[in-house]
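Reading through the structure tokens given below for one structure.
FYI, it's all coordinate maths here, none of it is from the lab. A quick note: this is a predicted structure, and the numbers were derived from the prediction, not measured. Here the Cβ positions follow ideal geometry from the backbone for every residue, glycine too, while neighbour counts run over all protein chains shown.
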Amino acid sequence: MQRFDLGENGLRALHKTLHAQAAQTKQAAQTNETAWEIVNPKGSHAIAVGLDAPIEVTVRGSTGYYCAGMNKQATVHVDGSVGPGVAENMMSGTVIVEGDASQYAGATGRGGLLVIKGNASSRCGISMKGIDIVVQGNVGHMSAFMAQSGNLVVCGDAGEALGDSIYEARLFVRGKVKSLGADCIEKEMRPEHLEILKDLLERAGIEADPAEFRRYGSARELYHFNIDNAY
């Protein structure tokens, strides 16, 4: 594993180094530098963004906003908490956060798996477009707002207006839901949904009984214009 001291070398050098290794790996060049450990992050913003190769990056400490944004193929492991927008617009790969996540975790994500071992703040999974998000703790208000596709798994409780204006994403919550947003309703948990949930929990490394969860999704009432909604 290669070690990079962010405090000594700075963010620009880190990105240059990681993107160079990602490019070599993607081109099947000869390199053993596919595993990286970043130390002294000191809450820096935009760590490990824009990666596009199957490399592994471990961040030893907490980060600022947009950590692992636009991730593709890479596995990013944060041994701490993260600021707003972790894994924003993620395409594929895996991002694991051992601590808590601030606002809009996994926003607009199109693929891959985001695992948050602690709690997530408001708007977790906002406008998600195919990403899978598993939160071991609670999520804040307006989570999965305008979620289009993918899965959001919450092992704890959910705040107000869960799934507001949701499209076709699936929401699984084990704990209490403070309130549901516009057009979001509780739905039947069928065998195929239990299988999906079981797989997500296993991939996230979280032990929980899928039978303890409830499923929520779109009532599809907002798909068509209704004059009553105009006032």
Which listed pairs, of 16/198; 178/198; 16/129; 42/187; 42/178, have C-alpha distances above 32 Å, in listed order | 16/198; 42/187; 42/178
Ordering of 43-56, 109-122 by packing [mean C-beta count within 10 Å, highest first] | 109-122, 43-56
With +1 on each Lys and Arg Cβ and -1 on each Asp and Glu Cβ, how big is the dipole of the chain about its Cα centre, in debye rounded to the nearest 20?
-> 380
Expressed as an acute angle from 0 to 90° and rounded to the nearest 10, what is the orientation of the C-alpha long axis of helix 11-26 relative to the principal long axis of the chain?
-> 90
Residues whose placed amide H lies under 5 Å from that of residue 59, excluding near-sequence neighbours = 38, 77, 78, 79
For the chain, with the dipole built from +1 on Lys and Arg beta-carbon atoms and -1 on Asp and Glu ones, taken about the Cα centre, which of 20, 180, 139 lies farthest toward the positive end?
-> 20
Note down the net charge around residue 148, summing +1 for each Lys or Arg and -1 for each Asp or Glu among other residues with Cβ under 11 Å from its Cβ.
-> +1
Calculate how steeply helix 191-204 sits against the longest principal axis of the alpha-carbon atoms of the chain, using the helix alpha-carbon long axis, and give the answer as 0 to 90 degrees to the nearest 10.
-> 30
Grab the eigenvalues of the alpha-carbon gyration tensor for the chain, scale each by 5, take roots, and send me the semi-axes largest first in whole angstrom.
-> 33, 17, 16
What does the charge count near residue 199 come to, summing +1 for each Lys or Arg and -1 for each Asp or Glu among other residues with Cβ under 12 Å from its Cβ?
-> -2
Estimated [θ] at 222 nm from DSSP helical runs (n ≥ 4, -39500 (n - 2.57)) normalised by residues in the chain, nearest 500 | -4500 deg cm²/dmol
Per-bin percent of Cα-Cα distances, the stretch 37-116 [5 Å] = 5, 19, 34, 28, 12, 2
Amide proton proximity set for residue 153, modelled H, under 5 Å, gap of 5+ = 133, 134, 135, 172
